[in-house]
Each structure stands twice: as structure tokens, then as C-alpha cells.
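Each reported figure results from applying straightforward, stated rules to the coordinates on display, with no laboratory input. This is a predicted model, so every value here is computed, not measured. As a convention, Cβ positions derive from the backbone with ideal geometry for all residues, glycine included, and neighbour counts pool all protein chains shown.
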Amino acid sequence: MTVKTVLFDLDGTLTRSEEGITRSALYAAEKMGFTGHTQEEFKAFIGPPLFASFKEILGMTYEQAERATQLYRERFSVLGWQENEVYAGIPHVLRSLRKNGLRTAIVTAKPQMFAERIAKRFGLAPYLDAIVGPGPENREASKAGLVARGIERLGGPAVMVGDRKFDIEGGLANGAMTVGVTYGYGTEEELVAAGADAIAHTPEALLDILLPPDAPCARGLFLSMEGVDGCGKTTQREALVAHMKQLGWRVTTTREPGGDEVAEKIRRLVLDPVNTQMCDETEAYLYAASRAQNVRAFIRPALMRGEAVVCDRFVDSSIAYQGGGRQLGTQRVAAINETAVGGTLPDATVYLRMEPDKALSRRLSASEPDRLEREQESFFVRTYEAYEALYAADSTGRVLTVDASQPIGAVTQEMLEKVDARLGELAAAL
């Protein structure tokens with residue numbers, strides 16, 4: 001059967017949600033006087049409808065289960081839905097399915113309003129054609145009925161992907177192919193016993209099941225970070241990497257100059273303060289040489305694996321520092337780097353904008369300055385001006401300018417909001 005629509009369960013299939021679910025269920029149970037339970041026991045609540053779980057697992061009456069459901073949502077609506085993360089590799093799966101023209105949807109027993117909120121917050125929404133779940137008052141929605149709604153909305157032939165027997169049974173009841181995933185909260189034995197047509201042990205294994213052998217997979221994402229020395233790149237890079245991992249991206253980090261062993265040797269050479277006799281042209285070519293090595297040894301292979309690459313500086317740094325700071329000319333330095341990058345350019349660039357005098361004073365107070373950081377203030381003013389001119393000319397949406405003079409938390413928030421918006425634009429272009 002050639003699949004046209006892929007329906008995904010949410011909890012345990014797309015997201016690792018146990019923290020928010022179990023904490024919220026424990027909160028509700030204790031509020032109702034059902035004490036003595038551990039958070040671990042409430043893992044059984046992941047998968048089946050919440051209302052039914054309170055009745056069947058804890059033995060509550062109809063009225064008690066209704067009140068417990070309200071209490072659960074009291075906590076979940078504020079905290080629980082955010083205690084979540086996407087399984088590593090899921091964005092690559094969804095992007096590859098979209099690249100091959102398949103329709104995708106979430107079909108979940110979780111109230112649809114929460115599923116929609118989670119899909120938006122954790123970067124899944126741009127890759128979905130629909131989200132199907134029960135309304136807030138629908139206490140005992142069956143998975144079969146939800147799958148039927150998903151197929152009715154998107155058409156078939158369809159496959160239901162999930163981690164529990166309820167997902168498999170719901171798919172089979174509607175004549176859909178079924179795939180059980182073992183990285184979630186169910187077991188392979190449970191899924192096989194329910195009649196799953198195939199089993200996937202990792203998110204990436206889903207592509208082997210759902211796509212033909214010769215189907216192209218989606219390229220990963222290339223993110224670079226730029227700004228004058230001292231603008232806070234190290235702190236914000238850590239925040240960006242953590243955010244991308246929470247969104248389910250497998251992340252490769254690298255830096256420039258640097259990367260693999262060869263590129264790191266070039267880095268030590270170009271930044272060593274003892275090399276005072278290095279001419280400007282040599283410096284520019286060394287940066288380009290390191291970049292050529294980094295692109296081929298680190299960046300391209302990671303992109304081919306569908307990963308997100310986060311690079312501390314890239315070709316824009318050479319254009320600003322050597323083209324502007326060293327006054328070699330921005331167009332001249334860009335030309336030097338054309339062969340080095342070979343067409344491999346960032347999908348998004350975070351530009352942490354900060355006045356050079358403030359940035360450099362912060363940088364020099366942090367550690368021993370390298371060869372470039374020992375330059376005169378005029379060098380950094382020219383570098384900053386080159387950045388500003390380069391990015392003022394950007395019309396692609398690639399450059400995400402962030403005010404780096406704000407408090408650290410505000411910088412992070414602005415950066416991540418702009419990154420998420422850019423990821424949505426890139427998803428729409430698949």
C-alpha cells in the first residue's frame with residue numbers, strides 16, 4: 001500500500017511528555033485524597049483517555065474522575081504542557097515526509113486545545129496538516145473514532161503511528177496500516193500483540209517503513225551566530241543549542257575558525273598572539289582554509305544526516321573582520337570564500353548586535369585576549385560597521401538581528417522567538 005497520510009499519536013510518539021503528565025496526574029490524585037502513589041505509577045496514564053484512567057487505574061467513581069480531570073488540567077494548562085520535549089530525530093522525519101508529499105497529522109486522546117498548544121510551542125505545527133483530538137468535555141473519546149476523523153479530514157491510504165496498543169487498535173479499526181514505536185511508553189510485545197504491521201525502534205526507522213528506498217530525505221538546518229567579540233555569543237549559543245534539542249533536533253556544534261583536527265590547527269595558528277607578523281591577506285586565506293575544511297568535514301555530513309548545525313561564526317565574520325576590520329574589502333573577501341563554502345550557506349544567522357566599545361570591554365574582562373582581540377578600537381568599529389552594512393542589504397530573511405545589549409534573559413527570549421519564526425518559514429518552503 002502506498003501511504004498518502006501519516007497519523008501520529010502525540011505522547012510517546014512525537015514527544016517525551018511523561019514529566020508533565022505524571023506530575024499533573026499525581027497532583028490531581030493527591031488533591032482528591034488518593035495518596036500514597038508515586039509519580040512513576042502514573043506513567044500508565046500516558047496513552048489512554050485521562051478520564052478513563054482515573055476511573056480504571058485509581059478506581060474513582062464517575063464524579064470523582066470528572067473532578068480529578070479538572071484538577072489535572074488545572075496544573076497541566078499552566079505547567080504540565082511545557083514539561084515536554086520532542087524526541088530526537090522527529091523534525092527530520094516530519095520534514096522528510098513533507099518533502100515527499102505526504103500529509104501528516106496528530107491524532108491524540110489529549111484535548112485538542114492542548115495538542116495544538118504543544119505542537120506550536122515545540123515546533124511541530126509547521127509540518128502538520130491537521131491536529132485531531134477530543135474537545136474539553138469529551139471525556140471518553142475512543143482512539144478509533146479519532147483516527148476515523150483524521151482519515152476523513154486528510155484522506156487515505158493512511159498509516160497510524162503510535163507507541164501504545166490503543167493507537168494500533170484505533171488504526172486497525174479504520175483499515176489503516178499501523179506502525180508501533182518502541183522508543184515511547186509501550187513495549188514491543190504490547191504493540192505486536194495489538195497487531196502492528198511494523199515496528200520502529202527509532203524515529204529515523206520510520207522513514208525506512210513509510211518511504212520508498214529511493215525517496216529523498218530532507219536536508220538538515222544550518223544556523224550560524226555572528227557579532228563582534230564580547231556580544232555574548234557563547235551564552236546565547238548554549239541557549240540556542242538547548243532549545244533546538246528540546247524541539248527534537250539532533251545538533252552538531254562547530255566554530256570558526258575550527259572544526260575538525262585540521263581546522264583546529266589553523267585556528268591555533270591564526271589566533272596565536274605571537275604571530276604578530278602575519279599579513280592581512282594571509283589571515284583572510286587562513287580563515288577561508290579553515291572554513292573549507294569545516295564545511296566538508298563537519299557541516300555538510302551533519303546536514304546530510306538531517307541534523308541542525310549550530311556554528312559559532314561563519315563566512316559573514318570574514319567579510320566583517322577581514323573585509324571591514326582589515327580593510328581588504330568586503331567583496332574581495334566574499335570572493336575568496338566562495339570556493340571555501342561551495343554553496344553551503346546558513347539557513348538562519350543570529351546577529352547579536354552590540355556597540356563595539358561595550359562588547360570589547362566585556363570580552364577583555366573575561367579572558368586573555370587573542371591576536372585579533374588585541375587590535376585597536378578602530379578595527380572593531382570598522383568590523384561592526386561592516387556587519388551593519390552587510391545585514392542591512394539582506395532581503396532573504398536569513399539574518400535575525402537581536403539586541404544583545406539587553407539583559408541576558410531578554411536576549412535569549414528575543415533570539416528564540418525569531419529563530420522559531422524562521423524555522424516556520426523554512427518549513428513552509430519545503
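Potential lengthening of the chain between Lys245 and Thr38 amounts to 71.7 nm, from the contour at 0.36 nm per residue minus the alpha-carbon distance. Taken along the Cα-to-beta-carbon direction at a fixed 7 Å, the label points for Ile408 and Ala429 span 3.3 nm. Note on Met304 and Thr282: the extension gain reaches 4.7 nm, defined as 0.36 nm multiplied by sequence separation minus the Cα-Cα distance. Counting neighbouring Cβ atoms within 10 Å and putting the fewest first, the residues Met32, Met354 line up as Met32, Met354. Computed on the Cα trace of the stretch 18-82, the radius of gyration divided by the Kirkwood hydrodynamic radius gives Rg/Rh = 0.91.
Here the sum of -39500 (n - 2.57) over DSSP H runs of 4 or more residues, divided by the residues of the chain, equals -14000 deg cm²/dmol at 222 nm, to the nearest 500. Each residue of the stretch 75-89 is assigned a 3J(HN,Hα), and the resulting list reads 7, 4, 5, 9, 10, x, 5, 8, 7, 7, 7, 7, 4, 4, x Hz, derived from the Karplus form 6.51 cos²θ - 1.76 cosθ + 1.60 (θ = phi - 60°), x at Gly and Pro. Taking label positions 7 Å along the Cα-Cβ direction at both Glu338 and Ala130, the computed distance is 4.9 nm, reported to one decimal. The modelled label-to-label distance between Arg67 and Glu355, using points 7 Å beyond Cα along the C-beta direction, is 6.1 nm. The count of lysine pairs in the stretch 8-115 with alpha-carbon distances below 27 Å, taking only pairs 8 or more places apart or on different chains, stands at 6. Comparing Glu385, Glu152, Glu116 in a Gaussian network model of the chain (Cα springs below 10 Å), the most mobile by mean-square fluctuation is Glu152.
Assuming R0 = 22 Å, what is the FRET efficiency of Leu345 and Lys418, from their Cβ-Cβ distance, to the nearest 0.05? Computed FRET efficiency for Leu345 and Lys418: 0.75. Given the choices (1) 4, 20, 29, 27, 13, 4, 1, 1, 0, 0; (2) 4, 20, 25, 19, 15, 11, 5, 1, 0; (3) 5, 21, 28, 26, 17, 4, 0, P(r) over Cα pairs in 10 Å bins from 0, in percent derived from the coordinates of this structure is entry (2). Ranked for footprinting exposure by Cβ neighbours inside 10 Å, fewest first, Phe379, Phe54, Phe222 give Phe379, Phe222, Phe54. Number of Lys-Lys pairs in the stretch 221-428 with C-alpha atoms under 25 Å apart and a separation of 8 or more places or on different chains: 6. With R₀ set to 45 Å, the beta-carbon distance separating Ser378 from Leu79 gives a calculated FRET efficiency near 0.30. Packing around the peptides 156-168, 236-248, taken as the average count of other Cβ atoms within 10 Å per residue, puts them in this order, highest first: 156-168, 236-248.
If the segment from Glu56 to Lys120 were pulled out straight at 0.36 nm per residue, it would be longer than the present Cα-Cα gap by 19.9 nm. Counting neighbouring beta carbons within 10 Å and listing from fewest to most, the residues Tyr127, Tyr391 come out as Tyr391, Tyr127.
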